[in-house]
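One structure is given here, and the rest of the page talks about it.
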Amino acid sequence: MNTLFRLFAVIFILCIADVNNAYTTEGNKKEIEIVVHRGANFLAPENTIPSAFAALKHGATWIELDVRKSKDGVMYNLHDETLDRTTNSHGPISMATYPPI
């Protein structure tokens with residue numbers, strides 16, 4: 001994954017996560033932080049804003065997610081390399097373009 005995608009993922013996480021939740025009122029770091037992958041996918045569809053908020057509501061400190069780029073350069077929050085499992089489309093996301101996705 002190149003630097004642009006990693007930067008996008010970090011910015012997204014910081015935008016939705018309550019980063020102040022990782023510290024006590026005295027400013028000391030908590031000993032345990034809860035990191036989730038793809039949000040709370042048992043409460044909402046994975047890699048969605050509702051899934052992220054549900055994870056944060058249930059104690060997650062950080063949310064790790066995957067960012068993939070389509071053939072036309074559009075970035076998507078998608079775990080799989082293909083569209084088959086979580087969309088109505090098929091094939092690698094890297095070969096798909098915006099309208100069909």
*Starting from residues that are in a helix (DSSP H, G or I) and over 12 Å from the mean Cα position of the chain (by Cα), keep the ones in region 50-89 and report whichever is surrounded by the fewest Cβ atoms within 10 Å (Cβ to Cβ).*
57
*Restricting attention to region 41-96, which residues are of a type in the set (D, E, K, R) and out of contact with any Phe, Trp or Tyr (no Cβ under 8 Å at 6 or more places or on another chain)?*
46, 57, 64, 66, 71, 80, 81, 84, 85
_Need pairs with beta-carbon distance below 6 Å; first residue farther than 15 Å from residue 41 by Cβ and in contact (Cβ under 8 Å) with a residue 12 or more places away in the chain and within region 73-90, second of a type outside the set (Val, Ile, Thr) and part of a strand (DSSP E or B); sequence gap 6+ or separate chains._
75/69; 76/68; 81/92
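Every read-out reported here was derived from the displayed coordinates using simple, explicitly stated rules and does not represent laboratory data. Bear in mind the structure is a predicted one, so any value in this text is a computation, not a measurement. So basically every Cβ, Gly included, is an ideal-geometry build from the backbone, and we count neighbours across all protein chains shown.
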